[in-house]
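To start, the structure under review is shown below, and the notes come after it.
The values are calculated or read from the model by the stated rules, or taken from the named source; none is laboratory data. The shown structure was predicted, so the numbers you read here are calculated from the model rather than taken from an experiment. Note that we place each Cβ from the backbone using ideal geometry, even for glycine, and neighbour counts take in every protein chain shown. What goes into the accessible areas is simple: the full protein's heavy atoms, side chains included, and nothing from ligands, DNA or RNA. Shrake-Rupley method; radii C 1.70, N 1.55, O 1.52, S 1.80 Å.
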Amino acid sequence: MTRHRGNSRRVAWCVAALLSLAAGVARAQPSAERAAAAEALFREGRELVAQGKLAEACPKFAASQRLDPGYGTQWNLADCLERLGRTASAWAAFREAADMAGRSGQAEREAKATRRAADLEKRLERLAVTVSAPADGLVVRRNGAVLDAGAWGAPLPVDPGKHRVEATAPGKKPFSVEAQTAGPGKVVTVAIPPLEDDPAASAAGPAQPAGPVAPPSAPPRPAAGGDVDDGAGTRRTLAFVAGGVGVAGVVTGSIFGLIASARWNRAQDEHCRTETLCDDQGVALVDDARGAAALSNVGFVVGGLGLAAGVALFVTSLDDAEPAAARVVVVPAVGTTGGGLAIQGRF
């Protein structure tokens, strides 16, 4: 009886530890996939810029930034937008880059991005949308995006070119107009007139439900649970769970290791004269490589612990002897661009 109680306590401890490890790996795995996709999109954007295909490059940088935000990607996006002639979008992107640098305490980068934004601000073109008699439920859109009521009448920065302004309201005829910007420093005003009544919408009246709504079905009753098996079968099940956690950790560590290596190599090949003398983008790449390397190390350590726990649980499930009879040693190997692990055992 004493031995079974000892096994129960060990099994409970293993369950708690494995749940914690599994939660950490579950969070890291999507992050690893997002970071890998962001890196691929960033590289594709750089190649398109080198080919002069700015219209195709800018969306790649924007997608990469959404997946894995970073100062280097944000800077490339802002520079691409400015070269494409989208001054307002580039101005906003440089301001965001400055904010990112300021939050991380990088004063030199913050000042550089702020200067680029200030230069663009002098060339901004603006569009104001005024509403003289807003109808109930009025919705104003600019280029398909809803314009908040608080922004009505404000001269907002817009990219040079044509912009469509639309206004809709229940029971009213829609209004739309196309406005052309007037040049750097100029403000164009679009006035939304009082919307006309729509007789067709008034005659239709409010929509009626098609039929009676069926009451929601009762939730299924939970099945009665059985007794908890704390013997060899439970330990064997936990062994497979721990092994799965271990494999996921190793995969995560490998992905982040590859990302760290790729960013380090790109920084040294394209943006650094030595390992420590780099331009702004090289510094950003080195910082990203170190962050990915740290996550790689965590993934390998978590993977090693999961595999070690799986081996120990599986071995003890084969024999009724005390779990202490099995000894497993995990030796993680970590480095600047990734990590690894080694497992040694005696049973």
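Quick rundown of the values:
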item: Conditions (1) surrounded by fewer than 13 Cβ atoms within 10 Å (Cβ to Cβ); (2) outside any strand (DSSP E or B); number of the one not met by A135; result: (1)
item: Residues located in the range 76-87, provided they are assigned to a helix (DSSP H, G or I) and either hydroxyl-bearing (S, T, Y) or open to solvent by 10 Å² or more (accessible area, probe 1.4 Å) (or both); result: N76, L77, D79, L81, E82, R83, T87
item: Residues of the range 97-125 classified as closer than 22 Å to H163 by Cβ and surrounded by fewer than 18 Cβ atoms within 10 Å (Cβ to Cβ), total; result: 3
item: E196 at pLDDT below 95 and open to solvent by 60 Å² or more (accessible area, probe 1.4 Å); result: yes
item: Selection count where residues are surrounded by 15 or more Cβ atoms within 10 Å (Cβ to Cβ), under 30 Å from A93 (Cα atoms) and touching an Asp or Glu at 6+ places or on another chain (Cβ under 9 Å), scope the range 140-175; result: 9
item: So A128, is it of a type in the set (A, V, I, L, M) and part of a strand (DSSP E or B); result: yes
item: When residues of the range 49-75 are limited to those that are within 23 Å of E110 (Cβ to Cβ) and not in a helix (DSSP H, G or I), the one most open to solvent (accessible area, probe 1.4 Å); result: P69
item: Every pair of residues 6+ apart whose Cβ atoms lie under 7 Å, when the first sits in the range 148-168 and is outside any strand (DSSP E or B) while the second is surrounded by 15 or more Cβ atoms within 10 Å (Cβ to Cβ) and of a type in the set (D, E); result: P160/E125
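Table: residues versus (1) surrounded by 13 or more Cβ atoms within 10 Å (Cβ to Cβ); (2) at pLDDT 75 or above.
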| site | (1), (2) |
| --- | --- |
| R273 | no, no |
| D279 | yes, no |
| D288 | yes, yes |
| L295 | yes, yes |
| V301 | yes, yes |
| A308 | yes, yes |
| S317 | yes, no |
| P323 | yes, no |
| R346 | no, no |
